[in-house]
Amino acid sequence: MLLLIKEWKVITIPLIRKFMKEFKKKQVNYIRIDLENRECPVIILAHSLGGHIMSNYIWDMQKPKNSLPDDLSSFERLEYLAGMITFGCNIPVFAFAHRKIETIDFPGKIK
C-alpha cells in the first residue's frame, strides 16, 4: 500500500481509519469490476480464527436466514466456491457442541 502525503500534517488514528475506509471501498470496487459474474472457482485459505469466520460467512451465503442484498456479485456470494483449506483452525472445538453436524456445500454452482 502506498500512502502519498500531499502536505505535512499530523497523522492521527482517525485520519488513518478514514484513509483505510476509503482505500478498502476502492479496492472492493476494483475486485467487483474484475470478478463480476465470472465463472471461476474460488478456493479459500484461512488460518486460525479466520477459518471460523470464513466458515460462518460461507454458511450465511449458502443458507441465508434473510434475503441477501441484490448488489452482491457472484464472487461475494461464493457461488463458485470450490474448496476451503484451513490450518490452525478452531472449528473442530466448536463442532463438539452440536448433536447434528451440517457442512457447507462444495462445490458452489460449478458442477
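Some observations on this one:
- Using the Cβ-Cβ distance between Val93 and Asn66 with R0 = 22 Å, the FRET efficiency computed as 1/(1 + (r/R0)^6) comes to roughly 0.20.
- Taking a ≥ b ≥ c as the square roots of the eigenvalues of the alpha-carbon gyration tensor, the range 39-95 is classed oblate because a/c is 1.5 or more while a/b is no larger than b/c.
- Put simply, when 81-90, 64-73, 51-60 are sorted by average Cβ atoms within 10 angstrom per residue, most first, you get 51-60, 81-90, 64-73.
Taken together, the values in this text are just the output of simple stated rules run on the coordinates, not laboratory data. The structure displayed is predicted, hence computed values, not measured ones. For neighbour counting, all protein chains shown are included, and Cβ atoms are generated from backbone atoms with ideal geometry for every residue, glycine included.
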